[in-house]
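A quick write-up on the structure given underneath.
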Amino acid sequence: MTHRRLDAIYYYVRALATTTLNDSVKQNLVSLFEEARRRLEAFEKELKERDKKNERKIRAGNQKLEIWKRTDGTIVGRSL
């Protein structure tokens, strides 16, 4: 996210804390988070595709593969 989007989120959250609630503020904040979610999902999809491509290259080249399982459950592999 760019710096301006983070600033917008900050000001929208501050506006939500006021006593006079404005529906457009809430809607704008929700739309910013939805956009961030869509970008994150697209990025994760791209990473998975890249990992699959790299895995195929490793298998085709008969290289050794080192696999690490992180504490959050994700698996990371790299060729040796």
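None of the figures in this text is laboratory data; all of them are computed from the coordinates on show. Small disclaimer: the values here were computed from a predicted structure and weren't measured. As a convention, Cβ positions derive from the backbone with ideal geometry for all residues, glycine included, and neighbour counts pool all protein chains shown.
So what is the calculated 222 nm ellipticity per residue for the chain, using -39500 (n - 2.57) for each DSSP H run with n of 4 or more, over all residues, to the nearest 500 deg cm²/dmol?
On the way: 2 runs with 52 residues, N = 80.
That calculation yields -23000 deg cm²/dmol at 222 nm.
Calculate, for Thr71 and Ala42, the FRET efficiency according to 1/(1 + (r/R0)^6) with r their C-beta to C-beta distance and R0 25 Å; round to the nearest 0.05. E between Thr71 and Ala42, to the nearest 0.05, is 0.45. Enter the angle in degrees (range 0 to 90, nearest 10) between the Cα long axis of helix 23-60 and the first principal axis of the Cα atoms of the chain, meaning the one along which they spread out most. Taking the Cα atoms of the chain, the angle to 23-60 is about 0 degrees.
With respect to the chain, whose longest principal axis is taken over its alpha-carbon atoms, helix 3-16 is tilted by about 50°.
A straight Cα-to-Cα reach below 20 Å connects Lys69 with the lysines Lys45, Lys48, Lys52, Lys53, residues fewer than 8 places away in its own chain not being considered.
What ranking, highest mean first, results for peptides 41-47, 23-29, 71-77 when packing means the other Cβ atoms within 10 Å averaged over each residue?
On the way: 41-47: 10.0, 23-29: 12.9, 71-77: 8.0.
Averaged packing, sorted descending, gives the order 23-29, 41-47, 71-77.
When semi-axes √(5λ) of the Cα gyration tensor in Å is computed from the coordinates, the matching label among (1) 23, 14, 10; (2) 43, 13, 9; (3) 29, 14, 9 is (2).
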